[in-house]
Number of protein chains: 2
Amino acid sequence: MAASAPSRPRRIGEFDFLDAVQRLVEGSGAIARLGRGVAVGIGDDCAVVAGAPRTLLTTDCQIEGVHFRRGWLTARELGVRAFRVAVSDIAAMGGRPEYVLLSLEIPVASKRSPFDSEAAKAIVRGLAREASRCGASLVGGNVSAARDLGVNVTVVGQARRRAVLRSGARVGDLLFVTGSFGGAGAALRVLERARSGAALIAAAVSSTTLAYRRPPLRVELGAQLAEAGLVHAMIDVSDGLIQDLGHLCERSKVTIRLDHRAVPLHPSARRAAADLDLGGAVNPRVSSALTGGEDYELAFTAAKRSRADIERVAARLGCRVTMVGNVAEGAAHVVDSSGRTLAALGGGFDHLRW
Amino acid sequence: MAASAPSRPRRIGEFDFLDAVQRLVEGSGAIARLGRGVAVGIGDDCAVVAGAPRTLLTTDCQIEGVHFRRGWLTARELGVRAFRVAVSDIAAMGGRPEYVLLSLEIPVASKRSPFDSEAAKAIVRGLAREASRCGASLVGGNVSAARDLGVNVTVVGQARRRAVLRSGARVGDLLFVTGSFGGAGAALRVLERARSGAALIAAAVSSTTLAYRRPPLRVELGAQLAEAGLVHAMIDVSDGLIQDLGHLCERSKVTIRLDHRAVPLHPSARRAAADLDLGGAVNPRVSSALTGGEDYELAFTAAKRSRADIERVAARLGCRVTMVGNVAEGAAHVVDSSGRTLAALGGGFDHLRW
C-alpha cells in the first residue's frame, strides 16, 4: 500500500487517499501495536507480520473498465495477469508466494453483457496454474455477482531471510532496474486505439501487447537477491518508474539520481520514441515510458561491491538487470544526472484519476 | 469457500461455480500438496495453512447493487459490516482474527454518482476500529477506481487450539445455533420496499434494519468454544440456515435433524411470521427466516455431555445459544423432526442468482 503524495493538484487520487487511510489507521491504534506481530504496516509493498521467516501480506485487483477491457486479453490471460500483478509486491520484498486467495466479481449473464462459467473457470485456471508455477497454492476465495468483472487477489508470502523494505536505501548505493520500461504503456495505447472488432482481435494477439497481457514475473530474482543479502531497498514499478522511485526516496530519506537515458526501453516504447527525436529536449515518448505505469519490473538499490554478484544472479535467471543511477544525500527527490528534478516529467499512474 | 451444490435447477450459481473451481484447483495440483503447508483448502469456511497455531485465511466482499445500496447504511456501517461478514468465517473455524487487508473499489466522483473521500475514509475507519476491537490490525490494502463501490476484505486469523471444520460432526451430536434468524432478511425487505428518499432514510436508521446493517460478531464465542474443545463441527450461516447446514451434512457425511420450530426467530421476522398463521402448514415467513441468508450466526454440533459447558460459555458472553436438533446416521440431508427433507423449503441465498 503506497502512501506518498505527488506534488501536483489532486482530486481524490489514490495517494492522497492512501495518505488519509494511513493516518486514520495509525490513529485508530490498529497499526500502532507493532509489538503484537505487525513489523511493517501500510506504506510498503506488503505488510510484514509475525513469525520467522517473516510473513508478507498483499492484495491487488483487476477491475473491468479500469485495468482491462474484456477484448484486451483472454480470460486465462486475465487470471495470469491478476496473479502476476499481485505477486509483484511479494517479489519487491524479496519474498516467495505461498498462499493465494481469489475474490471474483462476476457479471450476471445478460444479453448486453454475456459472461459464462467457462470464462470464469479460465480465469481461475490461469491464476491457479501461474500460482502453482511459483510454488504457491490457491487456497480459497469468494465469488460474487457484480456489474463489472473484477479479480481481487490476496497473496501470503514468506521472506526467508528478511523482507527488503523501501526504506533501506543507503547513500552511495547503486540503483538497478530489471527488464525494460514502457512496453505495457505502449500496449495500452495500441489496445485503446483498436476500436473495430477486427482491429481489437489483431491487437489482443499481437506481440506488441504482450507486455500488458503478461507482465513480467520477478519473484525468483527478487527472492534470490534478498536471500543472498545483496539488496538494501526494493520496490516494484507499477505506477511509473519515476513515481515509484519517489516512494523509495521518501521512505529512505535520500535523493535518487536516475540516469534516465540508461533506463532500458521496451522495443514497442523504443519504436515509438525513435519516431520523435527532439535533440536535447526530453522526448515525451521516453518520458511516458518512465511514468506510464503497469511495468511490474523491480527497482532496487545495492552497495557498489554487490554489483558483480547481482549481475551473476540475474544472468543465471536470464533476467536483464541494468544499473541506472545511484543514491545520494539530500532531500527525497528523484533527479536526473544533472540534478534536475524528474518529478517535473509528470507523475505516474494514479488509479483514481481517469 | 463453499463448494456444495443445491438440488435444484441452476444457472451459473455460486455453488455450481465453486464446485467447478474446486475441481479445477485440485486438478491443477495447486491444492493437492497438502504436505506443503495447506491443511484445508477450498471447501470450508477458511483455508487452514501451515504453522502452529494454525493460520486461517478467508476473503469476502460487499459490492454495491449486490450486497448493499448506498442509502441502506452509512459508510461507516459499511466498513463495520464488511469486516463482520468477512471475520464470520474465522469465527466459524473457532479462530481469532489477527491481520486484515482491505481492497477498496471506489466510484470516481461524478454528478450521477457522487462519492467523496470522506465516505471512503469512513468505510476505512469503521473497518479498522471494528478490527481493532477484535484484536486485529488493518495492515494493508489497495484502492482502485470502479463503477460500483466495492469493499473486499481478507482476514488472516489463528486457531489457538485447532481449526473447527465443517467435517467434524459426529452421529449423536446435538446441533446448536447462536442468536436468532431472519432479522437481516426482514431488514432487507424493509430497505428494498423504501422507494422514496424519506422512507429510505427512516428505514436506514430504524432498529428493524439493524440486523442487516450490523451483523452479529461471534468471534469470541466461536473461539472460546473451540479453545475449550467443546465443538465438533461449525459453520457460519451466511446463505440461509438450511443451506449452510446442508454443507455441514455433506462434509461430515451425516444427516442433520433440525427441529425448525425451535430455531429462534429475530423479532422482526417473528412479527412478520405472526401475521400469517397457516395452522399445520409451513409458514412461508418462518421458512424465509431459515433460508433467507445474511444472518451471520454460527451453527455447530457438540457431544451431549458438552451442553452445560457450552451454555455456561454462552451465558458468560451474553450470547444466546439454542439447541435446535441433532446429528443422525444417514445420507447427507437436513430433515425436520419427522424426517421430511427440509431442502424442499427452498434453497438459501446464492450470490449469482439475482
Review point. Could you say whether any residue in the range A:292-307 is modelled with pLDDT under 85 and β-branched (Val, Ile, Thr)?
Key: no
Check your understanding: Quick one: how many residues across the range B:170-194 are buried (at least 24 other Cβ atoms within 10 Å of the Cβ) and of a type in the set (Gly, Ala, Ser)?
Key -> 6
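Answer yes or no as to whether A:ALA128 is among the small types (Gly, Ala, Ser), touching a helix residue (DSSP H, G or I) at 6+ places or on another chain (Cβ under 7 Å) and surrounded by 22 or more Cβ atoms within 10 Å (Cβ to Cβ).
Judged against the criteria, A:ALA128 is a match.
Over 21 Å from B:ILE63 (Cα atoms), assigned to a loop (DSSP other than H, G, I, E, B) and not small (Gly, Ala, Ser): does that describe B:LEU225? Reasoning before the result, please.
Values: over 21 Å from B:ILE63 (Cα atoms): yes; assigned to a loop (DSSP other than H, G, I, E, B): no; not small (Gly, Ala, Ser): yes.
The answer is no for B:LEU225.
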Exercise for review: Please specify each residue of the range A:188-214 satisfying the condition of being modelled with pLDDT of 95 or more and not in a helix (DSSP H, G or I).
Suggested key: A:ARG214
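Which is assigned by TED's automatic domain parsing to the domain that holds B:ILE235 and surrounded by fewer than 17 Cβ atoms within 10 Å (Cβ to Cβ), of B:GLU329, B:GLU297?
Details: B:GLU297 fails: surrounded by fewer than 17 Cβ atoms within 10 Å (Cβ to Cβ).
Testing whether each residue is assigned by TED's automatic domain parsing to the domain that holds B:ILE235 and surrounded by fewer than 17 Cβ atoms within 10 Å (Cβ to Cβ) leaves just B:GLU329.
Of all residues in the range A:262-272, how many are farther than 17 Å from A:VAL321 by Cβ and either acidic (Asp, Glu) or modelled with pLDDT of 90 or more (or both)?
Applying the first criterion (farther than 17 Å from A:VAL321 by Cβ) to the range A:262-272 yields A:267-272.
Filter once more, so that each one left must be either acidic (Asp, Glu) or modelled with pLDDT of 90 or more (or both): A:267.
The number of residues fulfilling the criteria is 1.
So if I check each of B:VAL324, B:VAL286, B:VAL334, which one is modelled with pLDDT of 95 or more and either out of contact with any Pro (no Cβ under 9 Å at 6 or more places or on another chain) or surrounded by 14 or more Cβ atoms within 10 Å (Cβ to Cβ) (or both)? Reasoning before the result, please.
Working: B:VAL286 fails: modelled with pLDDT of 95 or more; B:VAL334 fails: modelled with pLDDT of 95 or more.
It is B:VAL324.
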**Study point:** From the options A:ILE242, A:ILE235, A:ILE310, residue that is at pLDDT below 95, within 21 Å of the chain's Cα centre (by Cα), surrounded by 15 or more Cβ atoms within 10 Å (Cβ to Cβ) and within 15 Å of A:LEU175 (Cβ to Cβ)
**Key:** A:ILE242
Point to revise | Subset of the range B:64-79 that is surrounded by 22 or more Cβ atoms within 10 Å (Cβ to Cβ) and more than 12 Å from every other protein chain (Cβ to nearest Cβ) - its residue that is modelled with the highest pLDDT | key: B:LEU78
Check your understanding: Just wondering, is there one or more residues in the range A:328-344 that are under 23 Å from the mean Cα position of the chain (by Cα) and without any contact (Cβ under 8 Å) to a residue 24 or more places away in the chain?
Key -> yes
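Look through A:ARG125, A:ARG170 and report the one residue that is assigned by TED's automatic domain parsing to the domain that holds A:VAL100 and either touching a residue at least 40 places away in the same chain (Cβ under 8 Å) or farther than 13 Å from A:TYR99 by Cα (or both).
Values: A:ARG170 fails: assigned by TED's automatic domain parsing to the domain that holds A:VAL100.
Going through A:ARG125, A:ARG170 in turn, just one is assigned by TED's automatic domain parsing to the domain that holds A:VAL100 and either touching a residue at least 40 places away in the same chain (Cβ under 8 Å) or farther than 13 Å from A:TYR99 by Cα (or both): A:ARG125.
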Review point. When the range B:177-228 is examined, which residues are found to be acidic (Asp, Glu) and touching a residue at least 24 places away in the same chain (Cβ under 8 Å)?
Key: B:GLU220, B:GLU227
Check your understanding: Within the range B:196-225, can you find the residues that are hydrophobic (A, V, I, L, M, F, W, C), surrounded by fewer than 24 Cβ atoms within 10 Å (Cβ to Cβ) and more than 19 Å from B:VAL85 (Cα to Cα)?
Key -> B:ALA198, B:ALA199, B:LEU200, B:ILE201, B:ALA202, B:ALA203, B:VAL205
Revision key, fill the gap. The residue that is nearest to A:LEU149 (Cα to Cα), considering only those in the range B:111-161 that are of a type in the set (Val, Ile, Thr) and within 7 Å of chain A (Cβ to nearest Cβ), is B:VAL143
Point to revise | Candidate set: the range A:27-63, residues that are surrounded by fewer than 23 Cβ atoms within 10 Å (Cβ to Cβ) and of a type in the set (S, T, N, Q); chosen: the one modelled with the lowest pLDDT | key: A:SER28
Exercise for review: Could you please let me know if A:GLY135 is farther than 19 Å from A:ASP295 by Cα, surrounded by fewer than 24 Cβ atoms within 10 Å (Cβ to Cβ) and in the same structural domain as A:VAL219 (by TED's automatic domain parsing)?
Suggested key: no
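The values are calculated or read from the model by the stated rules, or taken from the named source; none is laboratory data. Everything numeric in this text was worked out from a predicted model, so none of it was measured. FYI the Cβ positions are ideal-geometry reconstructions off the backbone, even for glycines, and counts take in every protein chain you see.
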